[in-house]
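The values are calculated or read from the model by the stated rules, or taken from the named source; none is laboratory data. Owing to the predicted nature of the structure, the values given are computational and were not obtained by experimental measurement. Quick reminder, even Gly has a Cβ in these numbers, built from the backbone with ideal geometry, and neighbours come from all protein chains shown. Note: areas computed on protein heavy atoms with side chains; ligands, DNA, RNA excluded. Shrake-Rupley method; radii C 1.70, N 1.55, O 1.52, S 1.80 Å.
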Amino acid sequence: MEKLEELYEGKAKRIYKTEEDDKVIVEYKDDATAFNGEKKGQIVEKGKLNAEISTIFFELLEDNDIPTHLIERLNDTDVLAKKLDIILVEVVMRNIAAGSLAKRLGLEEGTELSQPILEFYYKDDDLGDPMINEYHIQAEEIADPNDLEVIKDLAFKINEILVEFLADKGIDLVDFKLEFGKGTDGEIYLGDEISPDTCRFWDAQSKKKLDKDRFRRDLGEVEGAYQEILKRLNL
Ligand code: TMP
(Lines give C-alpha, C1' and ligand atoms only; values in the text may rest on other atoms or scores of the structure.)
Protein backbone atom coordinates (compact mmCIF):
# COMPACT_ATOMS: atom_id res chain seq x y z
CA MET A 1 0.00 0.00 0.00
CA GLU A 2 1.40 3.41 -1.03
CA LYS A 3 1.20 6.76 0.73
CA LEU A 4 -0.89 9.22 -1.28
CA GLU A 5 -1.66 12.81 -0.25
CA GLU A 6 -1.17 13.88 3.36
CA LEU A 7 -4.53 14.22 5.10
CA TYR A 8 -3.38 15.60 8.44
CA GLU A 9 -0.24 16.42 10.40
CA GLY A 10 -0.40 16.18 14.16
CA LYS A 11 2.29 16.80 16.76
CA ALA A 12 3.67 13.25 16.66
CA LYS A 13 2.20 11.68 13.51
CA ARG A 14 1.24 12.30 9.89
CA ILE A 15 -1.76 10.62 8.29
CA TYR A 16 -1.81 9.79 4.57
CA LYS A 17 -4.52 8.72 2.16
CA THR A 18 -4.11 5.36 0.41
CA GLU A 19 -5.71 3.88 -2.74
CA GLU A 20 -8.44 2.50 -0.50
CA ASP A 21 -10.93 5.00 0.96
CA ASP A 22 -11.29 3.14 4.25
CA LYS A 23 -7.55 2.81 4.96
CA VAL A 24 -4.87 5.34 5.94
CA ILE A 25 -1.14 5.18 6.58
CA VAL A 26 -0.02 6.55 9.95
CA GLU A 27 3.59 7.78 9.98
CA TYR A 28 5.18 8.21 13.40
CA LYS A 29 7.52 11.23 13.72
CA ASP A 30 10.56 11.80 15.94
CA ASP A 31 9.09 15.18 17.00
CA ALA A 32 8.13 15.50 20.64
CA THR A 33 6.02 18.23 22.22
CA ALA A 34 4.68 18.86 25.69
CA PHE A 35 2.38 21.33 27.44
CA ASN A 36 0.13 21.65 24.39
CA GLY A 37 3.03 22.25 22.03
CA GLU A 38 4.81 24.90 24.15
CA LYS A 39 7.86 22.69 24.62
CA LYS A 40 9.27 21.25 21.40
CA GLY A 41 12.06 18.79 20.68
CA GLN A 42 13.04 15.59 18.99
CA ILE A 43 13.63 12.16 20.45
CA VAL A 44 16.08 10.08 18.39
CA GLU A 45 14.29 7.19 16.63
CA LYS A 46 11.03 7.91 18.53
CA GLY A 47 8.96 7.39 15.37
CA LYS A 48 10.34 3.90 14.88
CA LEU A 49 10.17 3.00 18.58
CA ASN A 50 6.57 4.22 19.02
CA ALA A 51 5.38 2.57 15.78
CA GLU A 52 6.77 -0.73 17.06
CA ILE A 53 5.62 -0.32 20.67
CA SER A 54 2.11 0.79 19.69
CA THR A 55 1.78 -2.11 17.23
CA ILE A 56 2.68 -4.60 19.99
CA PHE A 57 -0.02 -3.13 22.27
CA PHE A 58 -2.67 -2.99 19.52
CA GLU A 59 -1.96 -6.63 18.52
CA LEU A 60 -2.28 -7.64 22.18
CA LEU A 61 -5.63 -5.82 22.40
CA GLU A 62 -6.89 -7.34 19.13
CA ASP A 63 -6.00 -10.78 20.54
CA ASN A 64 -8.22 -9.87 23.50
CA ASP A 65 -11.22 -8.90 21.32
CA ILE A 66 -10.73 -5.13 21.48
CA PRO A 67 -11.49 -3.60 18.06
CA THR A 68 -8.60 -1.36 16.98
CA HIS A 69 -7.68 0.56 13.84
CA LEU A 70 -4.54 -1.56 13.32
CA ILE A 71 -4.24 -3.45 10.03
CA GLU A 72 -0.45 -3.97 9.82
CA ARG A 73 2.91 -2.31 10.36
CA LEU A 74 4.36 -1.53 6.93
CA ASN A 75 7.93 -0.49 7.78
CA ASP A 76 9.91 1.15 10.62
CA THR A 77 7.68 4.19 11.05
CA ASP A 78 4.52 3.47 9.03
CA VAL A 79 1.40 1.60 10.04
CA LEU A 80 -1.60 0.76 7.84
CA ALA A 81 -4.82 1.49 9.73
CA LYS A 82 -8.57 1.69 9.28
CA LYS A 83 -9.65 5.25 8.53
CA LEU A 84 -11.53 6.59 11.54
CA ASP A 85 -13.67 9.59 12.20
CA ILE A 86 -12.05 10.48 15.54
CA ILE A 87 -14.40 11.22 18.44
CA LEU A 88 -13.22 14.45 20.06
CA VAL A 89 -12.97 12.99 23.55
CA GLU A 90 -9.62 11.90 25.00
CA VAL A 91 -10.05 9.18 27.58
CA VAL A 92 -7.47 9.07 30.38
CA MET A 93 -7.34 6.00 32.63
CA ARG A 94 -5.41 6.16 35.87
CA ASN A 95 -4.25 3.47 38.31
CA ILE A 96 -1.69 5.44 40.34
CA ALA A 97 -1.79 9.17 41.10
CA ALA A 98 0.60 11.22 38.95
CA GLY A 99 0.69 14.29 36.71
CA SER A 100 -2.39 16.49 36.61
CA LEU A 101 -4.43 14.24 38.94
CA ALA A 102 -1.77 14.37 41.68
CA LYS A 103 -1.69 18.16 41.30
CA ARG A 104 -5.47 18.65 41.19
CA LEU A 105 -6.22 16.50 44.25
CA GLY A 106 -3.03 17.24 46.20
CA LEU A 107 -1.93 13.60 46.12
CA GLU A 108 1.65 12.46 46.30
CA GLU A 109 2.82 11.02 42.96
CA GLY A 110 2.84 7.25 43.33
CA THR A 111 -0.24 7.00 45.56
CA GLU A 112 -2.08 3.83 44.54
CA LEU A 113 -5.75 4.55 43.62
CA SER A 114 -8.33 2.24 45.25
CA GLN A 115 -9.91 1.72 41.83
CA PRO A 116 -9.10 2.92 38.30
CA ILE A 117 -10.23 6.47 37.48
CA LEU A 118 -11.53 7.38 34.03
CA GLU A 119 -11.41 11.01 32.91
CA PHE A 120 -12.57 12.75 29.75
CA TYR A 121 -10.83 15.66 28.05
CA TYR A 122 -12.18 17.66 25.12
CA LYS A 123 -9.77 17.18 22.21
CA ASP A 124 -9.25 20.82 21.21
CA ASP A 125 -5.71 22.22 20.98
CA ASP A 126 -6.90 25.85 20.97
CA LEU A 127 -8.56 25.27 24.35
CA GLY A 128 -5.65 23.18 25.66
CA ASP A 129 -7.74 19.97 25.91
CA PRO A 130 -9.89 20.93 28.94
CA MET A 131 -11.22 18.27 31.29
CA ILE A 132 -14.94 17.62 30.77
CA ASN A 133 -17.56 15.22 32.12
CA GLU A 134 -20.45 13.32 30.56
CA TYR A 135 -22.83 16.28 30.99
CA HIS A 136 -20.55 18.55 28.95
CA ILE A 137 -20.28 15.80 26.32
CA GLN A 138 -24.07 15.46 26.11
CA ALA A 139 -24.94 19.15 26.26
CA GLU A 140 -22.37 20.07 23.62
CA GLU A 141 -23.07 16.92 21.60
CA ILE A 142 -19.36 16.07 21.56
CA ALA A 143 -20.17 12.34 21.37
CA ASP A 144 -23.27 10.19 21.10
CA PRO A 145 -24.36 8.79 24.53
CA ASN A 146 -24.46 5.21 23.20
CA ASP A 147 -20.97 5.57 21.75
CA LEU A 148 -19.76 6.94 25.09
CA GLU A 149 -21.03 3.83 26.89
CA VAL A 150 -19.12 1.61 24.44
CA ILE A 151 -15.98 3.74 24.88
CA LYS A 152 -16.11 3.59 28.69
CA ASP A 153 -16.54 -0.17 28.64
CA LEU A 154 -13.62 -0.58 26.22
CA ALA A 155 -11.39 1.76 28.25
CA PHE A 156 -11.79 -0.27 31.46
CA LYS A 157 -11.24 -3.55 29.58
CA ILE A 158 -8.13 -2.14 27.88
CA ASN A 159 -6.80 -1.01 31.27
CA GLU A 160 -7.20 -4.52 32.71
CA ILE A 161 -5.46 -6.14 29.74
CA LEU A 162 -2.55 -3.69 29.75
CA VAL A 163 -2.02 -3.69 33.53
CA GLU A 164 -1.74 -7.47 33.60
CA PHE A 165 0.51 -7.68 30.53
CA LEU A 166 2.85 -4.95 31.81
CA ALA A 167 3.03 -6.30 35.37
CA ASP A 168 4.55 -9.41 33.85
CA LYS A 169 7.25 -7.21 32.29
CA GLY A 170 8.05 -5.45 35.56
CA ILE A 171 6.24 -2.25 34.56
CA ASP A 172 3.60 -0.30 36.50
CA LEU A 173 0.96 1.22 34.20
CA VAL A 174 0.42 4.50 36.06
CA ASP A 175 -1.95 6.16 33.57
CA PHE A 176 -2.56 6.50 29.83
CA LYS A 177 -4.63 8.26 27.20
CA LEU A 178 -6.87 6.66 24.58
CA GLU A 179 -8.67 7.97 21.52
CA PHE A 180 -11.53 6.25 19.73
CA GLY A 181 -13.16 6.77 16.36
CA LYS A 182 -15.85 5.47 14.06
CA GLY A 183 -14.88 3.34 11.10
CA THR A 184 -16.56 3.62 7.71
CA ASP A 185 -18.71 0.67 8.93
CA GLY A 186 -20.08 2.81 11.80
CA GLU A 187 -18.37 0.69 14.47
CA ILE A 188 -16.18 2.10 17.24
CA TYR A 189 -12.47 1.32 17.13
CA LEU A 190 -9.52 2.23 19.32
CA GLY A 191 -7.37 4.67 17.34
CA ASP A 192 -4.30 6.87 17.80
CA GLU A 193 -1.45 5.12 19.65
CA ILE A 194 -0.38 3.50 22.91
CA SER A 195 3.26 4.38 23.55
CA PRO A 196 5.57 6.09 26.04
CA ASP A 197 4.26 9.38 24.55
CA THR A 198 0.74 8.64 25.77
CA CYS A 199 1.29 6.49 28.88
CA ARG A 200 3.14 6.71 32.17
CA PHE A 201 5.25 3.59 32.63
CA TRP A 202 7.28 3.13 35.84
CA ASP A 203 9.74 0.36 36.58
CA ALA A 204 7.88 -1.76 39.14
CA GLN A 205 10.88 -2.04 41.47
CA SER A 206 12.78 1.24 41.25
CA LYS A 207 9.77 3.35 40.11
CA LYS A 208 12.07 4.91 37.49
CA LYS A 209 10.04 6.79 34.86
CA LEU A 210 10.22 5.07 31.45
CA ASP A 211 8.06 7.46 29.40
CA LYS A 212 7.63 10.97 28.01
CA ASP A 213 7.78 12.50 31.50
CA ARG A 214 11.59 12.21 31.04
CA PHE A 215 11.21 14.74 28.17
CA ARG A 216 8.48 16.85 29.81
CA ARG A 217 10.50 17.21 33.04
CA ASP A 218 14.03 17.27 31.53
CA LEU A 219 15.09 14.10 33.34
CA GLY A 220 17.50 12.92 30.61
CA GLU A 221 17.88 9.39 29.18
CA VAL A 222 14.73 9.87 27.11
CA GLU A 223 15.63 7.57 24.19
CA GLY A 224 16.94 4.98 26.64
CA ALA A 225 13.56 4.86 28.37
CA TYR A 226 11.67 4.28 25.10
CA GLN A 227 14.21 1.58 24.13
CA GLU A 228 13.84 -0.06 27.54
CA ILE A 229 10.05 -0.27 27.12
CA LEU A 230 10.43 -1.92 23.70
CA LYS A 231 13.01 -4.36 25.11
CA ARG A 232 10.71 -5.35 27.99
CA LEU A 233 7.70 -5.81 25.67
CA ASN A 234 9.74 -8.22 23.58
CA LEU A 235 10.82 -10.30 26.59
P1 TMP B 1 -1.85 14.15 32.81
O2 TMP B 1 -1.52 13.61 34.16
O3 TMP B 1 -0.91 15.20 32.33
O4 TMP B 1 -3.29 14.60 32.73
O5 TMP B 1 -1.70 12.95 31.77
C6 TMP B 1 -2.40 11.75 31.93
C7 TMP B 1 -1.96 10.74 30.89
O8 TMP B 1 -2.34 11.14 29.58
C9 TMP B 1 -0.44 10.53 30.81
O10 TMP B 1 -0.20 9.13 30.67
C11 TMP B 1 0.00 11.24 29.59
C12 TMP B 1 -1.22 11.23 28.70
N13 TMP B 1 -1.36 12.46 27.94
C14 TMP B 1 -1.36 12.40 26.54
O15 TMP B 1 -1.23 11.34 25.95
N16 TMP B 1 -1.52 13.57 25.86
C17 TMP B 1 -1.68 14.76 26.47
O18 TMP B 1 -1.83 15.77 25.78
C19 TMP B 1 -1.69 14.80 27.91
C20 TMP B 1 -1.85 16.10 28.64
C21 TMP B 1 -1.53 13.62 28.59
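Remarks
- Just the protein heavy atoms count here, and of the accessible area of the range 23-145 at 1.4 Å, carbon and sulfur take up 46 percent.
- In percent, rounded to a whole number, the relative contact order of the range 3-68 is 20, using alpha-carbon pairs under 8 Å and six or more apart.
- Label-point gap, in nm, between R216 and L88 - each point 7 angstrom along Cα→Cβ: 2.4
- Taken per residue, the accessible surface of the range 1-127 reaches 53 Å², heavy atoms only and a 1.4 Å probe.
- Cβ-placed point charges (K, R +1; D, E -1), dipole of the chain about Cα centre in debye, nearest 20: 1060
- The range 30-112 - Rg (one decimal) and Dmax (whole number), Cα, Å: 16.2, 44
- Peptides 8-15, 139-146 ranked from most to least packed by the mean count of surrounding Cβ atoms within 10 Å: 8-15, 139-146.
- The sum of -39500 (n - 2.57) across all DSSP H runs of n ≥ 4, divided by the residue count of the chain, sets its helix-only mean residue ellipticity at 222 nm to -9000 deg cm²/dmol.
- The lysines whose alpha-carbon is closer than 22 Å to the alpha-carbon of K182, local same-chain residues fewer than 8 away aside, are K3, K11, K13, K17, K23, K82, K83, K123, K152, K157.
- Phi-derived couplings, Karplus 6.51 cos²θ - 1.76 cosθ + 1.60 at θ = phi - 60°, listed residue by residue for the range 182-193: 9, x, 5, 8, x, 8, 8, 10, 6, x, 6, 8 Hz, with x used for Gly and Pro.
- Sorted largest first, extent of the range 102-235 alpha carbons per principal axis (Å): 44, 35, 31
- Spatial extent of the range 1-63: Rg and Dmax, with the Cα atoms as the point set, Å: 13.4, 37
- Tail beyond 24 Å, pair distance distribution of the chain (Cα, percent): 44
- Among complete DSSP H helices in the chain, those whose alpha-carbon atoms stretch at least 30 Å along the helix's long axis and whose mean Kyte-Doolittle hydropathy reaches 0.5 are 145-167.
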